[in-house]
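Below is one structure; the comments refer to it alone.
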Amino acid sequence: MKNSIYEKGELLKKVDISDADLNNWERLKLVSLVGYTDEKVPLYSSDMVEKIIHIKKLLDLGYGLGEIQKIIKKVGLPTKVNENKKQNDEQNYITVGQLAEQIGVSPRTIKHWEDKGIIEPDMRSEGGFRLYSTVYIFICELIRDLQLFGYSLEEIKVVSELFRDYLAIRDHFDAHSTEDVSQKIDLMLAEIKTLFEKINLLKKGIQRWEDLLKKKRKEIIALRSQNQKRLKPEGKSGDE
């Protein structure tokens, strides 16, 4: 899990400000949302907590909101806040309901995959609300495909972990040791080889079924035609 999120009520309690102040700071673009719950409750990332704390400190030092706007625009806030905000700005997040809708499964299925450790939310609130990065749309489509290939959830978990390892190594290459990267890459390539073998078997199976169904469809159409020819026209009743 990369970060924490706060529903509006949680945030107000965490930083001890009023709803009116928060709304005003949003209007002045000092504070921004990371998204909404499916019930349209505003959500804020943990970097906004730090940002609000720094804004409060500047207010305590006697700066007005207009001056704080200029400070943020000119020099920004402490590096950690700015780096986190940049990461959040580059990433889009969706709710469990939105993720489920995108891939055509129920939210309960997403929760089940999460319970099995196959997927993990990027952000979670203290109340248990979860947000996923949009890359999980692709990951969950792969999970559904693997189930069609006959993979068990335990096997899918291994593949999902390898895929997340790949993303982590790709995005933060220097943070991983040479040995760690080498070991994980070997595992990834071995799994890719296995998947190719299963896909080739599936392709052959699909081709067999296509040939069979085309042949049998023609035979069944011929039987229907033969059956229609032997149907006698309905005779008229004697009363007519």
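The values are calculated or read from the model by the stated rules, or taken from the named source; none is laboratory data. Bear in mind the structure is a predicted one, so any value in this text is a computation, not a measurement. All Cβ positions, glycine included, derive from the backbone under ideal geometry; neighbour counts span all protein chains shown.
Overview of results
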{"quantity": "Index of the failed condition, L22 passing every other in (1) over 23 Å from G128 (Cβ atoms); (2) at pLDDT 85 or above", "calculated": "(1)"}
{"quantity": "All helices (runs of 4 or more DSSP H) inside segment 74-125 with 1 or more residues being at pLDDT below 65", "calculated": "79-90"}
{"quantity": "Matching residues, segment 23-40, being without any contact (Cβ under 8 Å) to a residue 60 or more places away in the chain and either touching a Phe, Trp or Tyr at 6+ places or on another chain (Cβ under 9 Å) or not aliphatic (A, V, I, L, M) (or both)", "calculated": "N23, N24, W25, E26, R27, K29, V31, S32, L33, Y36, E39, K40"}
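Every residue, every condition in (1) in a helix (DSSP H, G or I); (2) at positive phi; (3) charged (D, E, K, R), yes or no:
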{"residue": "I5", "(1), (2), (3)": "no, no, no"}
{"residue": "E10", "(1), (2), (3)": "yes, no, yes"}
{"residue": "L33", "(1), (2), (3)": "no, no, no"}
{"residue": "E39", "(1), (2), (3)": "no, no, yes"}
{"residue": "L43", "(1), (2), (3)": "no, no, no"}
